[in-house]
Each structure stands twice: as structure tokens, then as C-alpha cells.
Amino acid sequence: MMYSHIRKTIPIYEKINPIKLMHLSKTFGRICKISFTCQIFTKTSCNNWIFKYKANNTLYITISFYDKCTEPYPYIVIDDFVFPENLRKQKLDEKILRIIINHVQYLDFEMLIFNINQKFHIGLCKKNGFKQIGIHKMIVSLKPKFIQNIKPI
């Protein structure tokens, strides 16, 4: 996604509340009835923060936040979304994804990108408004787009 124009960026720590994102692990734990841990990795030079949620060595969620001056817009990526089959059958993966979307839609980011790692991700993403942009990526806009149809009167 190389962009020829350098745009002004905002530091990630000004765009998100890391404590609220860490507390998502408690919400995930209540839904799945298992204990989650959350790790944060920051790359200040790249203006990138990564939140890794884990439970029982079988459930992994990685959410990355980017605001790079070389990209056309700030975006969020769900890199890992690994759920054991028993939790998928209970549709807990759908509930967790919905919580993530609800949490990030009010942040100052343009797009949410979901990296497809498993076949079931495609249906899961389509149910939540994502559009496929490649074999391994789906995307949903987090900001409303206004179409101006200007006609002279």
C-alpha cells in the first residue's frame, strides 16, 4: 500500500486507550468462560501498537494499530483470530469479532483489515460487513463515506 504523499500522522497512544484494550481480555474471558492474557508490543518508530490476546494455548487474537505517514489512512489489522472448534460451534468467535468491531469503530482509524488464516474466517467476516480484497484479506470501513452528488440548480 505505498502512497506517494506523506501525510501527517497522530501517535497511536493519542488514538487509543490501551487500558480499555487490555480490559477486552476480561470481556473475552467472560464470553468464552476461560482466562485470557493480554500483551502489548509497541513500535514507536513505526507508530504501531500490537495487542495479543491468548487463552489456553488454543485461542489467539492479535490486533494491530497502524498510522504510518506513507499509508493513505490509519488502519487496524486483525492478524490472528484462532478459535478452537468447540468455541466456534458455540458462535463465540462471532461474538468476540462483534465486540472488537464495536470497540474500534469509534477510534480514529479508517479501515479494519482481517487477515484470513482459516477458511471459516471468510464467512465470519462476510456476516460482519467485510469485503474481500484479496485471497487472504478482507476489509471493512470504520468511517462513514459521504458521496456528494453536486448538480447545478
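The values are calculated or read from the model by the stated rules, or taken from the named source; none is laboratory data. Only a predicted model underlies this, so the values are computations on that prediction, with no experimental measurement involved. Cβ atoms come from the backbone with ideal geometry, glycine included; neighbour counts cover every protein chain shown. Side chains are part of the model used for accessible areas, which takes the heavy atoms of the whole protein and leaves out ligands, DNA and RNA. Shrake-Rupley method; radii C 1.70, N 1.55, O 1.52, S 1.80 Å.
Data overview
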| quantity | calculated |
| --- | --- |
| Net charge contributed by nearby residues that have their C-beta within less than 11 Å of I10 (K/R +1, D/E -1) | 0 |
| Kirkwood hydrodynamic radius of the chain, from inverse mean 1/r over distinct Cα pairs, in Å | 16.6 |
| Net length gained if the chain between Y13 and R98 were fully extended (0.36 nm per residue, minus Cα distance) | 28.3 nm |
| Cleavage-rule hits (trypsin sites (Lys or Arg not before Pro)) in the range 10-88: DSSP loop, at most 12 neighbouring Cβ within 10 angstrom | K33 |
| Simple label model, 7 Å out from Cα along Cβ direction - S35 to K131, nm | 4.4 |
| Mean separation of Cα contacts under 8 Å (6+ apart) over length of the chain, as relative contact order % | 18 |
| The range 12-141 - accessible surface per residue (Å², probe 1.4 Å) | 51 |
| Inter-label distance for Q105 and R88, nm, one decimal - labels placed 7 Å from Cα along Cα-to-Cβ | 2.5 |
| Rough spin-label spacing in nm, given labels placed 7 Å along Cα→Cβ, for K119 and K26 | 4.0 |
| Of all accessible heavy-atom area on the chain, the percent that carbon and sulfur account for (1.4 Å) | 57 |
| Rg over Rh [alpha-carbon atoms, Kirkwood Rh] for the range 58-122 | 1.01 |
| Förster radius 41 Å - calculated FRET efficiency between K143 and N57 (Cβ-Cβ, nearest 0.05) | 0.70 |
| Subset of K33/K127; K89/K131; K95/K126; K20/K137; K52/K143 violating a 19 Å alpha-carbon distance limit | K33/K127; K89/K131; K20/K137; K52/K143 |
| Counted charge near Y75, where neighbours are those whose Cβ lies closer than 10 Å (Asp, Glu -1; Lys, Arg +1) | -2 |
